[in-house]
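> One structure follows; several queries about it will come next.
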Amino acid sequence: MSLGSVYRKFRKPILGVLRHLPGVRQRSRAVYYRKRGESYDAMGATIPTDPKMVVFQCFGGRQFGCSPRAIYERMLEDPRFDDFTFVWTFKGSKMELFADEPLLQRAQFVKVGTDEYLETCARAKYWIFNTRVAEYITPKADQVYVQCWHGTPLKRLGYDVTIETQNALNTTDELAERFGMDSKKWNYLLSPSAYTSKHLADAFGLEEERRPSVVLEEGYPRNDRIVRVCEDPQALDAFTTAFREELGIPADKKILLYAPTWRDDSYESGKGYVMEDTLLDFPALQAALGDEWVVLFRAHYYIANHFDFSAYEGFVYDVSKQADINDLYIVADALLTDYSSVFFDYANTERPIMFFWPDYQHYANDIRGFYFGLHELPGPHCLTNDDVIAAVQDLPNYEAKYGEGYAAFREKFCPKDDGHAAERVIQKVFFE
């Protein structure tokens, strides 16, 4: 049995032990990365690079979405790629889930972590990922690694984290080192703004001399569809109507998208990251807003809770498994979030954004920290459930209160999101 097979088989108990032994964990990881890296490099040397193969991965194989999907969709429409091989890599549980997805009928499927997966990475000339590649996998000199990342950063990342992390399996230095390992492999890093370019490059320790050639500040492809659909009244109406019918949402109810993030210090051994104390009070929300609103609840993919919303049937819809979060942005009349970067993307709809921060002081001072003061964010800043209810009820006055700040926010953080980012990225990566 290979080292990788042993790790996969006993992963949970191994991590449970290493969580409490940072010194042993660091030494074990170093050996593991080195051994597996040597094995991968030796295998890769025997596999010729296919100049017309592209491998895609979204959130470590958990989803079919984000910028990898947007780039893939645009490539499907481009006759220059008619003879290319497209490979999508998914975790085992997702292989069947996406098997019937119409857009993926052109693609081959490969299971993440298998020998076939490693061989695919060694063969494909182009890697289109939105999270870090495994530490032991390194592209060959003739391969092109496009790091799409998955959002504009609000929370500090990598080398920018100054608070000792509460993360379950990494110290602050360990996380930073893993970010730095990834940036050394990049050919390109996608960015929608000067703000994102700087902070992602800093967080990943991207060397100054490489930044001009590596950073592609052309917009986020993942936001192309949001912009295009929202600018087309007919397309917007058709999509929203179909979405409502599919979920059974009444036409006379407004839609509030509630998309909270995870907390680094909320890890439960054997289960994962959980979310309880910082959730909305759904009974209170339903009592106050249920006649006019419904809530789409979208949990972060790290969250391991199994939520039971049966008591709120017809008011709360769990859309955590919705394949593409862009669908939710397009249909939502307003967004409620906490420290998630989703609001940067949702801003492209130009619809109201509200913030719910019941643990603000703890999160800001003890968990992660932010790149700028949250008072700069346009929209209601809610610390309690009552604040949230009042903010939703006051939405008719949103434009008058926050419109000017919201416009400045979009100009700073979304200046390149014009619906054509994927086209520009494809041209730069594949044809220039």
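> Does Arg410 satisfy the condition of being farther than 30 Å from Met75 by Cβ, touching a residue at least 12 places away in the same chain (Cβ under 8 Å) and not acidic (Asp, Glu)?
On the way: farther than 30 Å from Met75 by Cβ: no; touching a residue at least 12 places away in the same chain (Cβ under 8 Å): yes; not acidic (Asp, Glu): yes.
So Arg410 does not fit the description; no.
> Consider Gly113 against the criteria (1) outside any helix (DSSP H, G or I); (2) crowded, with 18+ Cβ neighbours inside 10 Å; (3) at pLDDT 95 or above; (4) not polar (S, T, N, Q): it satisfies all of them except one. Which criterion is unmet?
(3)
> Taking Leu175 and the conditions (1) surrounded by fewer than 20 Cβ atoms within 10 Å (Cβ to Cβ); (2) assigned to a loop (DSSP other than H, G, I, E, B); (3) free of Cβ contacts under 8 Å to residues at least 60 places away in the same chain, which numbered condition does it fall short on, given that it satisfies the others?
Result: Leu175 passes all but (2).
> Moving on. I'd like to check something: does the range 211-226 contain any residue that is farther than 20 Å from Phe344 by Cα, touching a residue at least 40 places away in the same chain (Cβ under 8 Å) and surrounded by 19 or more Cβ atoms within 10 Å (Cβ to Cβ)? Quick ask: steps written out before the conclusion?
Narrowing the range 211-226 to residues farther than 20 Å from Phe344 by Cα: 211-214.
Filter once more, so that each one left must be touching a residue at least 40 places away in the same chain (Cβ under 8 Å): none.
No, there is no match, as no residue in the range 211-226 is farther than 20 Å from Phe344 by Cα, touching a residue at least 40 places away in the same chain (Cβ under 8 Å) and surrounded by 19 or more Cβ atoms within 10 Å (Cβ to Cβ).
> Taking the conditions exactly as written (farther than 21 Å from Leu154 by Cβ, of a type in the set (A, V, I, L, M, F, W, C) and more than 21 Å from the chain's Cα centre (by Cα)), does Ala400 satisfy them or not?
Details: farther than 21 Å from Leu154 by Cβ: yes; of a type in the set (A, V, I, L, M, F, W, C): yes; more than 21 Å from the chain's Cα centre (by Cα): yes.
In short, yes.
> Being of a type in the set (Ser, Thr, Tyr) and either closer than 26 Å to Phe372 by Cα or in the same structural domain as Leu328 (by TED's automatic domain parsing) (or both) is true for just one of Tyr145, Tyr188. Which residue is that? Give the derivation first.
Numbers: Tyr145 fails: either closer than 26 Å to Phe372 by Cα or in the same structural domain as Leu328 (by TED's automatic domain parsing) (or both).
Just one listed residue meets the conditions, Tyr188.
> Here's a follow-up. Looking at (1) touching a residue at least 40 places away in the same chain (Cβ under 8 Å); (2) in contact with a helix residue (DSSP H, G or I) (Cβ under 7 Å, 6 or more places away or on another chain); (3) hydrophobic (A, V, I, L, M, F, W, C); (4) surrounded by fewer than 20 Cβ atoms within 10 Å (Cβ to Cβ), which is the only condition Ala235 fails?
(1)
> Next question, about the same structure. For the range 390-423, which positions are farther than 13 Å from Pro378 by Cβ, among the acidic types (Asp, Glu) and loosely packed, with under 15 Cβ neighbours inside 10 Å?
Asp394
> Which of the following residues is of a type in the set (Phe, Trp, Tyr), surrounded by 15 or more Cβ atoms within 10 Å (Cβ to Cβ) and assigned to a loop (DSSP other than H, G, I, E, B): Phe86, Phe64? Full working, then the answer.
Numbers: Phe86 fails: assigned to a loop (DSSP other than H, G, I, E, B).
Testing whether each residue is of a type in the set (Phe, Trp, Tyr), surrounded by 15 or more Cβ atoms within 10 Å (Cβ to Cβ) and assigned to a loop (DSSP other than H, G, I, E, B) leaves just Phe64.
> Moving on. If Tyr136 passes every condition in (1) among the aromatic types (Phe, Trp, Tyr); (2) surrounded by fewer than 17 Cβ atoms within 10 Å (Cβ to Cβ); (3) not in a strand (DSSP E or B) but one, which one does it miss?
Only one criterion is unmet by Tyr136, namely (2).
> Condition test on Lys412, is it in a loop (DSSP other than H, G, I, E, B) and on the phi < 0 side of the Ramachandran plot?
Working: in a loop (DSSP other than H, G, I, E, B): no; on the phi < 0 side of the Ramachandran plot: yes.
It is false that Lys412 is in a loop (DSSP other than H, G, I, E, B) and on the phi < 0 side of the Ramachandran plot.
> Moving on to the next point. Can Thr131 be described as surrounded by 15 or more Cβ atoms within 10 Å (Cβ to Cβ) and either among the small types (Gly, Ala, Ser) or assigned to a helix (DSSP H, G or I) (or both)?
Values: surrounded by 15 or more Cβ atoms within 10 Å (Cβ to Cβ): yes; either among the small types (Gly, Ala, Ser) or assigned to a helix (DSSP H, G or I) (or both): no.
In short, no.
> Mind checking whether some residue in the range 299-310 is at pLDDT 80 or above, over 30 Å from Leu104 (Cα atoms) and crowded, with 17+ Cβ neighbours inside 10 Å?
Keep residues of the range 299-310 that are at pLDDT 80 or above, which gives 299, 309-310.
Filter once more, keeping what is over 30 Å from Leu104 (Cα atoms): 309-310.
Those left that are additionally crowded, with 17+ Cβ neighbours inside 10 Å: none.
So far as the range 299-310 goes, no, none of its residues is at pLDDT 80 or above, over 30 Å from Leu104 (Cα atoms) and crowded, with 17+ Cβ neighbours inside 10 Å.
> On to the next question. State whether the residues of the range 86-108 include one that is within 22 Å of Val342 (Cα to Cα), without any contact (Cβ under 8 Å) to a residue 60 or more places away in the chain and within 20 Å of the chain's Cα centre (by Cα).
So in the range 86-108, the residues within 22 Å of Val342 (Cα to Cα) come out as none.
Scanning the range 86-108, I find no residue that is within 22 Å of Val342 (Cα to Cα), without any contact (Cβ under 8 Å) to a residue 60 or more places away in the chain and within 20 Å of the chain's Cα centre (by Cα), so the answer is no.
The values are calculated or read from the model by the stated rules, or taken from the named source; none is laboratory data. Note that the structure is predicted; figures quoted are calculated from it, not measured. No Cβ is skipped: glycine too gets one built from the backbone with ideal geometry, and neighbour counts run over all protein chains shown.
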